[in-house]
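Asks: If you scroll down you'll find the structure; I have some questions about it.
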């Protein structure tokens, strides 16, 4: 009868109202009745966090990060208490805990704390009494008892970290989609749910714009080999497994196509081609806290070159100002900007051994008269920057080309 | 410059919206600038607690008390974080804490926990750094780290207990009225604010329906001789001091008139007049958790008597059922009920040495043709149960009679 431990995580949309909380309770209880031990991690109800952030902004446009954590951590505390009550209503024993109460110890980087260790004794004790243990996601506590939050995707991280600490057989991430798809189903109707994907592929997918799971949690899962199951809280369908190695019947070269429209491109023209110039440019940007993504430097003509790079749109205006100052400082020419770009990528572990993927991608884009502005590659992905207006066409064409609609 | 420590407590109506939170911040900062050390205790924003109770009720009509505390304690946590942000905005250092973080240790009676001890080291440490310390009212934590709440009036209790522990020179209770009045100003326009009142008088006033402060906090203040100052958060006027002894210029016999319309009366007729019968009746009621307030037993005729008592209306239907069962068990007669009653009381330490007060009260009611149904007295109060419809007339007449309008 006893089947081991599962960690289940439910996001804000899964607990947005009374009815949904009751549905989550039903699902949790059904697993308990099947014989599993359960640790359930919950996010704040629906838009609670956004509402609290807005309220804080009205009081202080630059709120203290410590007080922000104090404020935001209440959202998950409300969720866990309500879920415990809903499970009690179904006749099962359950007990809720804050991050502090179950000993999720973090550093003191408020609003983006990192987990240092987890003292899981309290959870183990309650599990041994047969209780369903409900833990507030997204939050922890410093060694000096200050409440911290883990930043974006923090509840996923709580779930994965607890799964690792408690040696869970699986970490289920419940969300409002059925799993990871070969492409965004809103763009490509033929997109299929992927049954299994490796940590590395998921990391590429996550960093390339697939918004289901934050890269950070997948990295931790990979590091400790925690099997993740991403699935929908609104159905009983199997979702997508994220695991170390996927044994496929056939050799799948490309697992999925991703699209990222959150970036903008900056080009510094006529950069003097001498050592240390690139270091100067990107050193200044990183010093200002701006993350640069793709960087392309063309071959030199007449001891001058053009350097292009992409940054997040949120940091674009800051980046362009800095780029202009640096350009004039090093004696470069014009600084060009382009915010109407999109990044389309093909991802798959199979492409390591298939040199034809890049050629196939470029060929497909060319056939659709889509100009490639920048290219970057990794072991398991190839990304092209194209004009934003061609984004959907590119995704559909590549999805077709690599046989993902089958 | 340094003037000692004040504990200030702000109720839910004082922090109901952004503007009010900002006003509280301004007041706190003005005290800090005068040279006081400050510990500020805050309740949940406006109706937050009621909203959370309602939400819980939708999920589970009989929610676990432990989970209820987990849920409700978030209300005060939100308040303290927002108040800290508002104080920061005014350029002062402040830090917020939950009840658990400042070591307000309670027993494990969830929803009505009692404070066992306070480890105030954390507060003292932050005060010594010159910070304004903000503490979530109404909550504590057990020795096993479960979050508890202190029940009705809990934030007042937090403030008084901290004032005692930190040897504060005063505990200010900010509310939405100017202080304690000689009668309810909504009933008697001539009611005056009382400048100073003793703990004992306030206890009588509190238990007799004056809703400004719960008896429990006044009892603790009395026990440890903590001076309380009840005042309005919407003005700078002096409020009412609640202290051990009031030195008055003249001998004030009666301090105030109170009115309580929350009770109902039950009469068991023709009760056999033999030993143990009263014990049987009130033993059953107390066994069912029903608090009985006033009890009157008339003289016996023909070895039978009538016993009347009052209970809170909330417990009335439970009490009447029980009374009927007990009555038939002991061979008594009819059980009569009356929910249209009111309790009017005169309160004052001066009346101990003035035997004329009772006579004056009865005479005044008689002159207004108000029949007295039950009478009860203590050292410093006399209460009469009258028909509810005469309540306002009685309050006004007694207010006039005892010279409180002057």
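Asks: Where the Cα atoms of chain B are projected onto their three principal axes, how long is each span, largest first, in whole Å?
Replies: Each principal axis gives a Cα extent; for chain B these are 77, 53, 33 Å.
Asks: Pairing the Cα long axis of helix A:18-34 with the longest principal axis of chain A, what angle in degrees results, from 0 to 90 and rounded to the nearest 10?
Replies: Taking the Cα atoms of chain A, the angle to A:18-34 is about 70 degrees.
Asks: Still on this model: Distances in nm, one decimal, shortest first, from residue A:215 to the same residue in every other copy, taking the label point 7 angstrom along Cα→Cβ.
Replies: Reported distances to equivalent positions: 6.4 nm.
Asks: Oh, and also: How many nm is it between the label spots at residue A:317 and residue B:328, if each spot is 7 Å from the Cα in line with the beta carbon?
Replies: Here the modelled spin labels are 8.0 nm apart.
Asks: For region A:1-99, what class follows from the C-alpha gyration tensor (a ≥ b ≥ c being the square roots of its eigenvalues): rounded when a/c is under 1.5, otherwise prolate if a/b is larger than b/c, else oblate?
Replies: Because a/c hits 1.5 or more and a/b exceeds b/c, region A:1-99 counts as prolate.
Asks: Now a separate question. How far apart, in nm, are the 7 Å Cα→Cβ label points at residue A:299 and residue B:371?
Replies: 11.4
Asks: Average partner chain C-beta neighbours within 10 Å, per residue of B:86-98?
Replies: Whole-number average of other-chain Cβ neighbours for B:86-98 is 4.
Asks: Provide B:106, A:142 in ascending order of the number of other Cβ atoms located within 10 Å of each residue's Cβ, fewest first.
Replies: A:142, B:106
Asks: Return one number: the angle in degrees, 0 to 90 and rounded to the nearest 10, between the long axis of the Cα atoms of helix B:391-401 and the longest principal axis of the Cα atoms of chain B.
Replies: The helix B:391-401 is inclined about 80 degrees to chain B.
Asks: Another question, then. Taking neighbour Cβ counts within 10 Å as the exposure measure, how do A:316, B:97 sort from fewest upward?
Replies: A:316, B:97
Asks: Under 8 Å for C-alpha pairs, at least 6 residues apart: give me the relative contact order for region B:1-128, rounded to a whole percent.
Replies: 23
Asks: Could you work out how much longer the chain between residue A:358 and residue A:90 gets when fully extended? Use 0.36 nm per residue separation minus the Cα distance between them, nm to one decimal.
Replies: Fully extending the segment from residue A:358 to residue A:90 adds 91.0 nm.
Asks: Please compute the contact order of chain B in relative form: average sequence separation of alpha-carbon pairs under 8 Å and at least six residues apart, divided by the residue count, as a percent.
Replies: It rounds to 13 percent for chain B.
Asks: Please compute the average number of Cβ atoms from other chains found within 10 Å of each residue's Cβ in peptide A:60-72.
Replies: Average neighbour count from other chains, rounded to a whole number: 6.
Asks: Distances in nm, one decimal, shortest first, from residue A:333 to the same residue in every other copy, taking the label point 7 angstrom along Cα→Cβ.
Replies: Inter-copy label distances (nm, one decimal, shortest first): 11.4.
Asks: Run through the other copies and list how far each one's label point is from that of residue B:367, in nm with one decimal, shortest first; the point sits 7 Å from Cα along Cα-Cβ.
Replies: For residue B:367, the other copies' label points sit at 10.7 nm, shortest first.
Asks: Grab the DSSP H runs of chain A that are 4 residues or longer, score each as -39,500 (n - 2.57), total them, divide by all residues and round the 222 nm result to the nearest 500 deg cm²/dmol.
Replies: Dividing the helical sum by the residues of chain A leaves -11000 deg cm²/dmol.
Asks: Please determine, in degrees from 0 to 90 and to the nearest 10, the orientation of helix A:316-329 with respect to the longest principal axis defined by the Cα atoms of chain A, where the helix direction is its Cα long axis.
Replies: Helix A:316-329 sits at roughly 40 degrees to that axis.
Asks: Would you mind classifying region B:5-176 by shape? Square roots of the alpha carbon gyration tensor eigenvalues, ordered a ≥ b ≥ c; an a/c under 1.5 is rounded, otherwise it is prolate if a/b is larger than b/c and oblate if not.
Replies: The shape class here is oblate.
Asks: Considering the rotation that carries chain B onto chain A, locate the chain B residue whose Cβ comes closest to its axis and report the distance in whole Å.
Replies: B:74, 2
Asks: For region B:174-311, what's the relative contact order in percent, using C-alpha pairs closer than 8 Å and at least 6 residues apart?
Replies: Relative CO of region B:174-311 lands at 24 percent.
Asks: Now, a different point. What FRET efficiency, computed as 1/(1 + (r/R0)^6) with R0 = 51 Å and r the Cβ-Cβ distance, is obtained for residue B:279 and residue A:30, rounded to the nearest 0.05?
Replies: About 0.45, to the nearest 0.05.
Asks: Still on this structure: Using only Cα positions of region B:282-406, each an equal point scatterer, no hydration layer, compute I(q)/I(0) via Debye at q = 0.10 Å⁻¹ and quote the log10 values to two decimals.
Replies: Summing over Cα pairs of region B:282-406 leads to -0.39.
Asks: For peptide A:22-29, what's the mean number of Cβ atoms from other chains within 10 Å of each residue's Cβ?
Replies: For peptide A:22-29, the averaged partner shielding equals 1.
Asks: Which FRET efficiency value, to the nearest 0.05, do you get for residue B:288 and residue A:145 by plugging their Cβ-Cβ distance into 1/(1 + (r/R0)^6) with R0 = 45 Å?
Replies: So, using R0 = 45 Å, E works out to roughly 0.60.
Asks: Listing B:156, A:334 from the residue with the fewest other Cβ atoms within 10 Å to the one with the most, what is the order?
Replies: A:334, B:156
Any read-out appearing in this document is the output of simple, stated calculations on the displayed coordinates, not a laboratory observation. Computed from a prediction, not measured in an experiment: that's the story for all the values here. Using ideal geometry, Cβ is built from the backbone for each residue, glycine included, and neighbour counts are taken over all protein chains shown.
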